[in-house]
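The next block holds one structure in the form of structure tokens; read it before the comments.
Each value in this text was obtained by applying a stated rule to the coordinates, not by laboratory testing. The structure displayed is predicted, hence computed values, not measured ones. Cβ placement follows ideal geometry from the backbone for every residue including glycine, while neighbour counts extend to all protein chains displayed.
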Amino acid sequence: MGQAIQLAKNTESIQQGKTNFDINDFDLNDSDREDFDNYVDILFVLEKSGSMQAYIEQAKYTICKIVEKFKNKEYDLKFSLCTYIDHEPQSQILTDFTDLCSGQQIVKILHTVIATGGGDLPEAVMDGLRDGITKTSWRKTVIGKDEKSQRFLFHICDAPPHGEEYGYPSIDKQWSINGCPCGTKREDIKNLLQLHDIQYFLIKPNDYISKMEQLFKECFGDYYKDTINLCENVQQIDSKTKMWEGVLSNIEKNVS
Ligand SMILES: [Zn+2]
């Protein structure tokens, strides 16, 4: 969501995700992973509008923790990243994509990502998901055989897509009525998840995306694996811990 809206929001809930850590504390050298033929491809789709900085930090920390955890396991892990904001004139940046690479490389790229802008509350969620899924070079486990890598998509956002069914108006009335101006709908995303056999996880920092969560769940069916809820029990549990814990436990639970 945009910075103006961010200011209007309860700043406490935005600050809750703030984290400070040094990536040098992690041993991210994971080049020896390529010796294993059990491929795991992990796509992070990340909204980077003004209110998201704390969650970008958390995503970095989360990837560091994944790399560390899988260090001594026999998997070849790779990560891709698609960040998004919104269509013009709400934002000059629609999507930015980085194809599958090591955890170390993706953390370096996340270091350069700055949360900015965003205009109205809804963002180009559909573009982020579509570009992330269609641009990732999803791997096959054994060359020459049609066996797919294990594929995970973690979606981190604090704003819904355009379209009044998602609960919030866009500045452009046509976008509210018809949804994202590119015409991509959640059914298209579902078809892409199915085509590429990808397990979808939503990382949810607030209730602005509750309607989206519900509609995605209904639409994606079995491909919607879980919600990692960062807004539950924030008093008791550090939500920084919850993002990495939630992501890591879901990978461990679903990887074979
Ligand atoms: Zn769009």
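Tell me the net charge near Ile133. Cut-off is 13 Å between Cβ atoms, Ile133 excluded, with +1 for each Lys or Arg and -1 for each Asp or Glu. Provide the component values of the computation, followed by the final result.
Details: positive: Arg130, Lys135, Arg151, Arg186, Lys190; negative: Asp41, Asp99, Asp127, Asp131, Asp188, Asp197.
Cβ neighbours under 13 Å give a net charge of -1.
Give me the net charge of Val45's neighbourhood, meaning all other residues with Cβ under 12 Å from the Cβ of Val45; Lys, Arg count +1, Asp, Glu -1.
Numbers: positive: Lys48, Arg130, Lys135; negative: Glu47, Asp96, Glu123, Asp127, Asp131.
Counting the neighbours of Val45, the net charge comes to -2.
Return the long-range amide H neighbours of Glu123 (sequence gap of 5 or more, or a different chain), with a cut-off of under 5 Å between placed amide H atoms.
Residues meeting the criterion, in which the H sits 1.01 Å from N, are His162.
Within the set Lys190/Lys217; Lys69/Lys204; Lys204/Lys225; Lys78/Lys211, which residue pairs have Cα atoms separated by over 20 Å? Walk me through the numbers before you get to the answer.
On the way: Lys190/Lys217 10 Å; Lys69/Lys204 23 Å; Lys204/Lys225 13 Å; Lys78/Lys211 31 Å.
In this structure, Lys69/Lys204; Lys78/Lys211 lie more than 20 Å apart at Cα.
Please list, in chain and number order, the residues 5+ apart from Ser149 or on another chain whose amide H is under 5 Å from its amide H, with Hs placed from the backbone.
For Ser149, the qualifying residues are Arg139, Lys140, Thr141.
From the backbone phi of the stretch 164-176, what are the Karplus-calculated ³J(HN,Hα) couplings (6.51 cos²θ - 1.76 cosθ + 1.60, θ = phi - 60°) in whole Hz, Gly and Pro given as x?
The phi angles translate into 5, 4, 8, x, 9, x, 8, 4, 7, 4, 4, 5, 5 Hz.
Ordered by packing density, taken as the mean number of other Cβ atoms within 10 Å over each peptide's residues, highest first, how do 68-74, 113-119, 95-101, 197-203 rank? Each step should come with its number before you reach the end.
Values: 68-74: 13.7, 113-119: 19.4, 95-101: 17.0, 197-203: 21.1.
Final packing ranking: 197-203, 113-119, 95-101, 68-74.
Summing Lys, Arg as +1 and Asp, Glu as -1, what charge do residues with Cβ under 15 Å from the Cβ of Cys219 carry, Cys219 excluded?
Working: positive: Arg130, Lys185, Arg186, Lys190, Lys211, Lys217, Lys225; negative: Glu165, Glu187, Asp188, Glu213, Glu218, Asp222.
That sum, taken over residues with Cβ under 15 Å, equals +1.
Output wanted: per-residue J couplings in Hz (rounded whole) for the stretch 225-231, from phi through Karplus 6.51 cos²θ - 1.76 cosθ + 1.60, θ = phi - 60°, x for Gly and Pro.
7, 6, 10, 9, 8, 8, 9
Give me, ordered by chain and number, the residues 5 or more places off Thr116 or on other chains with an amide H under 5 Å from its own placed amide H.
Placed amide hydrogens put Ser49, Gly50 under 5 Å from Thr116.
In whole Hz, what ³J(HN,Hα) sequence does the stretch 102-109 give by Karplus (6.51, -1.76, 1.60; θ = phi - 60°), x for Gly and Pro?
Karplus-based 3J(HN,Hα) across the stretch 102-109 equals 6, x, 4, 5, 5, 5, 4, 5 Hz.
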